[in-house]
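The values are calculated or read from the model by the stated rules, or taken from the named source; none is laboratory data. Being a predicted model, the structure only gives us computed values, none of them experimental. Cβ placement follows ideal geometry from the backbone for every residue including glycine, while neighbour counts extend to all protein chains displayed.
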Amino acid sequence: MKRDPRLILVMRHAKAEQLGPTDLERELSPRGREDSAATGRWLAEQQITPDHVLVSAAVRTRQTWESVADAAGWSMEPTYDQGLYAAGPDTAFDLMRETPDEAGTLLVIGHNPTIAVLAQLMDDGEGDEVAGEAMTSGYPTSAVAVFEYDGDWSELDPASARLTAFHTPR
């Protein structure tokens, strides 16, 4: 039985304040709150709702998730992962491979440069060309790439997903 493609949403956290007690504790700026809410509204307009959410444990990524979820009308509990804070692309792939089998849509919220590199690595090059050009020309805060993926989560590898959209709130 063929199932519908899974969706993977790869999002960079929203704009944060420049200073905080530590980098891990930096909070969102007012612009970051506005932009992340705009991304949440866009995802809701696309009728995209994640089943599983993986968020870096940093304050700014947690706040990005809260803003996106509030604006989109979502109420699920995310998985906050300390490892995603400092993860490189290989570690991010490993964390994504742990997504529960029953999940159809995964949202990952993390940090650059990892998020931009992860999205570029995932792209099989056969998706939306305009979205691909936008994604590779810059991955600003609150941007999200949307991919379709036909495999099992445990088999997610580079060049295994089709880019279908790339959204920036500005």
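Residues that are among the acidic types (D, E), surrounded by fewer than 19 Cβ atoms within 10 Å (Cβ to Cβ) and within 17 Å of T168 (Cα to Cα) within the range 14-35 comprise just one, E34. In this structure, does L54 turn out to be under 17 Å from G110 (Cβ atoms), in contact with a Ser or Thr (Cβ under 9 Å, 6 or more places away or on another chain), in contact (Cβ under 8 Å) with a residue 60 or more places away in the chain and surrounded by 14 or more Cβ atoms within 10 Å (Cβ to Cβ)? Considered against the rule, which asks whether it is under 17 Å from G110 (Cβ atoms), in contact with a Ser or Thr (Cβ under 9 Å, 6 or more places away or on another chain), in contact (Cβ under 8 Å) with a residue 60 or more places away in the chain and surrounded by 14 or more Cβ atoms within 10 Å (Cβ to Cβ), L54 comes out as no.
E66 falls short of the stated requirement of being surrounded by fewer than 21 Cβ atoms within 10 Å (Cβ to Cβ), at pLDDT 95 or above, under 19 Å from E45 (Cα atoms) and touching a Ser or Thr at 6+ places or on another chain (Cβ under 8 Å). Among the residues making up the range 138-170, a single one is in contact with a His (Cβ under 7 Å, 6 or more places away or on another chain) and outside any loop (DSSP other than H, G, I, E, B): V144.
Being among the acidic types (D, E) and within 17 Å of R6 (Cβ to Cβ) is a property that holds for E126.
If you scan the range 118-155, which residues turn out to be out of contact with any strand residue (DSSP E or B) (no Cβ under 7 Å at 6 or more places or on another chain), under 23 Å from A103 (Cβ atoms) and of a type in the set (A, V, I, L, M)? The one that is out of contact with any strand residue (DSSP E or B) (no Cβ under 7 Å at 6 or more places or on another chain), under 23 Å from A103 (Cβ atoms) and of a type in the set (A, V, I, L, M): L121.
The rows are residues; the columns are (1) more than 14 Å from the chain's Cα centre (by Cα); (2) under 13 Å from I8 (Cβ atoms); (3) of a type outside the set (G, A, S).
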position	(1), (2), (3)
E66	no, no, yes
D81	no, no, yes
F93	no, yes, yes
I109	no, yes, yes
E126	yes, no, yes
L156	yes, yes, yes
T168	no, no, yes
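Selection of the range 62-73 for residues being of a type outside the set (A, V, I, L, M) and free of Cβ contacts under 8 Å to residues at least 60 places away in the same chain yields R62, Q63, W65, E66, S67, D70, G73. Candidates H111, H52: the one that is over 29 Å from P21 (Cβ atoms) and either of a type in the set (A, V, I, L, M) or modelled with pLDDT of 95 or more (or both) is H52.
For the range 19-49, the set of residues classified as in a loop (DSSP other than H, G, I, E, B), touching a helix residue (DSSP H, G or I) at 6+ places or on another chain (Cβ under 8 Å) and modelled with pLDDT of 95 or more consists of R26, E27, T49, listed by residue number.
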